[in-house]
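A short worksheet on the structure shown next.
The values are calculated or read from the model by the stated rules, or taken from the named source; none is laboratory data. Values in this document were obtained by computation on a predicted structure and should not be read as measured data. Cβ placement follows ideal geometry from the backbone for every residue including glycine, while neighbour counts extend to all protein chains displayed. Note: areas computed on protein heavy atoms with side chains; ligands, DNA, RNA excluded. Shrake-Rupley method; radii C 1.70, N 1.55, O 1.52, S 1.80 Å.
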Amino acid sequence: MSDFETNTKTVDVLIIGAGPSGTVAASILHEKGYKVHIVEKQKFPRFVIGESLLPRCMENFKKANLIEAIEANHFQKKFGAKFVSEVENCDFEFANQFTKGWGWTWQVQRADFDKVLADEVVKRGIALDYETEVTAVEFEDDGSSTTTVKNKDSEYHIKARHIVDASGYGKVLPRLLDLERPSDLPSRTSIFCHVKPKQVSDSPERMRIIIIVHSDNVWGWIIPFSDGTSSIGMVGDTEEMNKTTGTMEEQMRQWIANDKALRERFTDSEFIFEPRKITGYSSDVTQLHGKGYVLTGNASGFLDPVFSSGVTLATESGAKAAELVAEELDGNVVDWDKSYSQHLKDGTKVFKAFIEAWYRGDLQKIFFSKNPNEKIKSQICSVLAGYVWDKENPFVTKPERLLVNLAQLVG
Ligand code: FAD
């Protein structure tokens, strides 16, 4: 046997990245009988931002048969979203949404949550190599590939019939195949950390994300966790976000002091880690699939944190990709443009319309309007719950037009 052969594993599907997109895809493919191998650059548990889930992603965890494993870990249940300004507030209960679907989900420390998912797929017999990084990929004409990976001790190869790139912010295939393109959303900045308040509140407020309208171009989040700690963050125009000075901790303390919602809850709170600041996280790609590969989750692009769409789109794309890869490996012809790209673009378009309406200030006008129409509120609630493929909902079929008109009407 040559060195190449002894150093080569042969699988049906190689999955790059063990975040929620990768583990959902892996679980579905494994249950369909395919040999799956995951490579993950980091050692778990590892920190990643993206802690407030949406009810719609529960459908994907269910498809992947992962709900029970998550439930056993007692993450904070989330039943809604509350928008607050200095003087106003607006509460959405997912149970009151227009679309028939899940009325709740979780708020999770992603280090623990992603490890629960990864441990579960390993328990089911899926190979997962940690601290192993993809360095090169070569595709044959039939779409099969040989991927070179390395860990701290060695380099080896993985021959696969298909690749699911779920590498998140690593964007492995977009970088290797030159598929990246800039997002058409402006580059913004976020500073965030986990805090331990002096007094843990047990009010029902714990069971929702709080989104703070801080000023015209800065907003913030509070995401309570089941252990009494919370994730807090501020997001806005980079210029505005860089007006705070000093160490990361000093900058975060300035935000807490200057924002009513944060000041009331977190003055003198202990920081669990040094706050982190990131800029320019929105991203896009020129294509979502090619012969022998599909991009899922953040590797396929990322919009904006404001409506917590990230994990929902990551698990939706992971689940959809897994189903289509299985169909193709079964010998069926798959129309990837229609069944994959169009499906994802349909959902992304709705979130994007809401994100743009948020940064225009239209949604704030709608949320804080007096005497809201309950039916309209329930339709908007469904989008906030992640049900962005429900064609019965007019805020899914024509979101831009409705949001502009409604903001004019209430404003
Ligand atoms: P990830 O969870 O990032 O997993 C990808 C994995 O791939 C990582 O573990 C990484 O180590 C691995 N990897 C990378 N490169 C390689 C390589 N070369 N080889 C092997 N493995 C590799 N989303 C929400 O749903 N709710 C929120 O509240 C929310 N808040 C956010 C706040 C901010 C400020 C930002 C910027 C984003 C937020 N998001 C949120 C989005 C969320 O972070 C992502 O959408 C989500 O984590 C994507 O999941 P994923 O599985 O695609 O990628």
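Of the residues making up segment 120-159, those that are open to solvent by 70 Å² or more (accessible area, probe 1.4 Å), part of a strand (DSSP E or B) and away from the ligand (no atom under 14 Å from the Cβ) are GLU138, LYS159.
Within segment 252-308, how many residues are of a type in the set (Val, Ile, Thr) and within 30 Å of SER144 (Cα to Cα)? Of the residues in segment 252-308, 4 are of a type in the set (Val, Ile, Thr) and within 30 Å of SER144 (Cα to Cα).
Remark: GLU327 falls outside the filter, which requires a residue to be open to solvent by 50 Å² or more (accessible area, probe 1.4 Å) and assigned by TED's automatic domain parsing to the domain that holds GLN199. The residue that is nearest to the ligand (Cβ to nearest atom), counting only those in segment 1-59 that are in a strand (DSSP E or B) and hydroxyl-bearing (Ser, Thr, Tyr), is SER52.
Report yes if SER317 is at negative phi, within 13 Å of the ligand (Cβ to nearest atom) and either in the same structural domain as LEU29 (by TED's automatic domain parsing) or not β-branched (Val, Ile, Thr) (or both), otherwise no. Lay out the reasoning, then the answer.
On the way: at negative phi: yes; within 13 Å of the ligand (Cβ to nearest atom): yes; either in the same structural domain as LEU29 (by TED's automatic domain parsing) or not β-branched (Val, Ile, Thr) (or both): yes.
Yes: the conditions hold for SER317.
If the condition is being part of a helix (DSSP H, G or I) and of a type outside the set (S, T, N, Q), then segment 93-119 contributes PHE94, ALA95, ARG110, ALA111, ASP112, PHE113, ASP114, LYS115, VAL116, LEU117, ALA118, ASP119. Scanning segment 348-355 turns up no residue that is open to solvent by 40 Å² or more (accessible area, probe 1.4 Å) and free of Cβ contacts under 8 Å to residues at least 12 places away in the same chain.
Within segment 254-298, can you find the residues that are closer than 30 Å to ASP141 by Cα and away from the ligand (no atom under 16 Å from the Cβ)?
Of segment 254-298, the ones closer than 30 Å to ASP141 by Cα are 283-298.
Result: THR286, GLN287, GLY290, LYS291, GLY292.
If you check ARG181, ARG206, which single one turns out to be more than 16 Å from the ligand (Cβ to nearest atom), touching a strand residue (DSSP E or B) at 6+ places or on another chain (Cβ under 8 Å) and in contact (Cβ under 8 Å) with a residue 40 or more places away in the chain? Give the derivation first.
Numbers: ARG206 fails: more than 16 Å from the ligand (Cβ to nearest atom).
Only one candidate passes the filter, namely ARG181.
Scan segment 299-314 for residues that are more than 18 Å from PRO174 (Cα to Cα), open to solvent by 20 Å² or more (accessible area, probe 1.4 Å) and more than 6 Å from the ligand (Cβ to nearest atom) and the total you get is 0.
Among the residues of segment 20-37 satisfying the criterion of being more than 15 Å from VAL294 (Cβ to Cβ) and in contact (Cβ under 8 Å) with a residue 24 or more places away in the chain, which is surrounded by the most Cβ atoms within 10 Å (Cβ to Cβ)?
Within segment 20-37, the subset more than 15 Å from VAL294 (Cβ to Cβ) is 20, 23, 27, 30-33, 35, 37.
Next, only the ones that are in contact (Cβ under 8 Å) with a residue 24 or more places away in the chain stay: 20, 23, 27, 30-32, 35, 37.
Working: PRO20: 32, THR23: 30, SER27: 26, HIS30: 20, GLU31: 15, LYS32: 16, LYS35: 16, HIS37: 21.
Top of the filtered list is PRO20.
Within segment 330-379, if we keep just the residues that are aliphatic (A, V, I, L, M) and in contact with an Asp or Glu (Cβ under 6 Å, 6 or more places away or on another chain), the residue that is nearest to LEU403 (Cα to Cα) turns out to be ALA353. Looking only at segment 160-196, residues that are crowded, with 17+ Cβ neighbours inside 10 Å and not small (Gly, Ala, Ser) come to 19 in all. Against the conditions (1) open to solvent by 30 Å² or more (accessible area, probe 1.4 Å); (2) outside the structural domain of VAL13 (by TED's automatic domain parsing), LYS41 satisfies every one except (2).
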